[in-house]
Structures are given as structure tokens and as C-alpha cells.
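Chemist: I have a structure I would like to understand better, so I am pasting it below and will then ask my questions one at a time.
FYI, it's all coordinate maths here, none of it is from the lab. From a predicted model like this one, the values you see are computed outputs, not experimental measurements. Here Cβ is always computed from backbone atoms with ideal geometry, including for glycine, and neighbour counts include all displayed protein chains.
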Amino acid sequence: MDQGLVIVFTGSGKGKTSAALGTALRASGHGMYVSMVQFIKSPLPTGEAQAAGRLAPELEFISMGRGFVTGEKGAIPLSEHRKAAADALSLARQRARSGYWDVLILDEINNAVKLGLVDIEDVLNLVRSKQPKLHVVLTGRDAHPDLIALADLVSEISDVKHPFERGVPARKGIDF
Ligand code: ATP
Ligand code: MG
């Protein structure tokens, strides 16, 4: 019972990051220390980033990405996205081994693996070398099969309907 869980929220439907944030809220309410490290997403004044400030120091919220990855011809070169992802991973590794944190959330890390910004072996090694009691939550679509095999809990959220399909843009308080 002392062993932390490895939890994956994946799938093409909306709710993966939201589920991770729900976990963060729940754990921090118990006085547990939660670190949420976001891959790909750049620092923006989202509702979650602003609310996290009010839950400090139990909750820390760090966005280490450079934003939407658009490939070789994008405004931000792939090399910069890779560097940002490597920095996020090394911070995550430190958090995983420190013993200070109770829950570590690696948001959008599955996408970072899928896009080739992060090596799946590095993710698996991070999980294997974590403090035994630490819970780790990994989110993002297309979770790697080796991560799914290693995890204790995997939820796949399927896309049944999304207003985006009707041209409705992201909504404050719902999507950011
Ligand atoms: P959320 O952060 O809302 O929990 P998510 O983490 O499951 O969503 P991501 O793939 O990280 O989903 O994408 C984040 C953004 O994309 C959100 O604004 C979300 O509403 C939107 N989104 C998620 N799933 C879909 C979908 N199937 N079609 C269109 N937009 C989507
Ligand atoms: Mg997400």
C-alpha cells in the first residue's frame, strides 16, 4: 500500500489534463505535495496556472514547453522544442528522485514522446527510478505501449463529441 501508482491518462477525447488537475486538487487538499510539469505547453496565464498559485506550496505548476510543435518549418525550430523537452525531463527526474514530492504529474509527456522530443526509454527510466512512494501521472494522447505495460492504472478517454468539430473555439474555464 506504500507503493506509489503509475497512472496514465490517454486517448483522443478531452479530459486528460483535466483529470490530472483533479488529482492535483485532491492530493493537495490532503496536504500532499504535488509537482505538475508540462511538456510542449508554454507558460500562459491559464486558469489552472493561476489557481495553482493559490494552492502553493503544496502545488507547483511549471510549464516548460515552447508551445505548439509545427515541425521543421515552424516558427520555433524543432531543436528548441527538443531542448525545452530535455529540460522538462531533467526537472521531472529531479522531482521523481527527491523524496519531497508525493505526486508528480507529467502533462502532455506522451505527446512529447510521440513527436520525438523525448525518448520513451528516458520516460520509462524516470518511472523505474522514482521514489517508491511517489505517484506519477502521465498524460497525453498516443501513450507508448511500453508505458502502458509499466503503468498500474491506464484510462483511455475516447472522443465521442467535441464542440471544436462544430467550429466552436476553446472556452475560458473549460479548455484553458
Ligand atoms: P483538457 O486539457 O481540456 O483536459 P486534454 O488534456 O484531454 O484536454 P489535449 O489533447 O491536451 O486534451 O488538448 C487540449 C485542448 O484540446 C483542450 O482545449 C481541449 O478541449 C482540446 N481537445 C481535446 N480533445 C479534443 C478533441 N477530440 N477535439 C477537439 N479538441 C480537443
Ligand atoms: Mg492535455
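Chemist: For segment 101-110, in order, what is each residue's ³J(HN,Hα) by Karplus, 6.51 cos²θ - 1.76 cosθ + 1.60 with θ = phi - 60°, in whole Hz (x at glycine and Pro)?
Modeler: So the Karplus estimates, Gly and Pro as x, are 8, 9, 9, 10, 10, 10, 7, 6, 5, 5 Hz.
Chemist: Using alpha carbons only, how many angstrom separate the centre of segment 1-74 from the centre of segment 112-176?
Modeler: 11
Chemist: Please work out, to two decimal places, the log10 of the ratio I(q)/I(0) at q = 0.10, 0.19 Å⁻¹ from a Debye calculation in which every Cα of the chain carries one identical scatterer.
Modeler: Reported log10 I(q)/I(0), two decimals: -0.36, -1.38.
Chemist: What order do you get for Met32, Met1 when you list them from fewest to most C-beta neighbours inside 10 Å? All intermediate terms of the calculation are to be shown ahead of the outcome.
Modeler: Details: Met32 15, Met1 2.
Fewest-to-most ranking of Met32, Met1: Met1, Met32.
Chemist: Also: Express the relative contact order of the chain as a whole percentage, based on alpha carbon pairs under 8 Å and six or more residues apart in sequence.
Modeler: It rounds to 36 percent for the chain.
Chemist: Can you give the translational diffusion coefficient of segment 137-176 in µm²/s, computed by Stokes-Einstein from the Kirkwood radius over Cα pairs at 37 °C and 0.692 mPa s? Walk me through the numbers on the way to the answer.
Modeler: Working: Rh = 12.7 Å.
Estimated diffusion coefficient is 258 µm²/s.
Chemist: Around Val69, what is the net charge, scoring Lys/Arg as +1 and Asp/Glu as -1 over all other residues with Cβ under 12 Å from its Cβ?
Modeler: Values: positive: Lys41, Arg66, Lys73, Arg82, Lys114; negative: Glu72, Glu80, Glu108.
So the surrounding residues net to +2.
Chemist: How are the C-alpha pair distances of segment 107-176 spread across 5 Å bins, as whole percents from the shortest bin up?
Modeler: The calculated distribution, bin by bin, is 3, 13, 21, 21, 15, 11, 10, 5, 1, 0.
Chemist: For the pair Phe68/Asp2, report the inter-label distance in nm, with labels modelled 7 Å from Cα in the Cβ direction.
Modeler: Here the answer is 4.8 nm between the modelled labels.
Chemist: Shifting gears a bit: Could you derive backbone 3J(HN,Hα) for segment 55-65 from the dihedral phi with the Karplus parameters 6.51, -1.76 and 1.60 (θ = phi - 60°), listing whole Hz in sequence and x where the residue is Gly or Pro?
Modeler: My calculation for segment 55-65 gives 9, 5, x, 4, 10, 10, 9, 10, 9, 10, x Hz in order.
Chemist: Need one number: nm distance between label points at Ile148 and Arg128, each 7 Å from Cα along Cα→Cβ, rounded to one decimal.
Modeler: 2.1
Chemist: Can you give me the long-range amide H partners of Ile105? Hydrogens built in the peptide plane at 1.01 Å from N, cutoff under 5 Å, separation of 5 or more residues or another chain.
Modeler: Under 5 Å from the amide H of Ile105: Ser35, Met36, Val37, Val137.
Chemist: On a straight-distance basis, which lysines could pair with Lys41 in a cross-link, Cα separation under 26 angstrom, same-chain partners fewer than 8 positions away excluded?
Modeler: Cross-link targets: Lys14, Lys16, Lys73, Lys83, Lys114, Lys130, Lys161, Lys172.
Chemist: Can you check how the C-alpha radius of gyration of segment 36-98 compares to 2.2 N^0.38 Å, as a plain ratio? Numbers along the way, then the final one.
Modeler: Numbers: Rg = 13.1 Å, N = 63, 2.2 N^0.38 = 10.6 Å.
Dividing the Cα radius of gyration by 2.2 N^0.38 Å gives 1.23.
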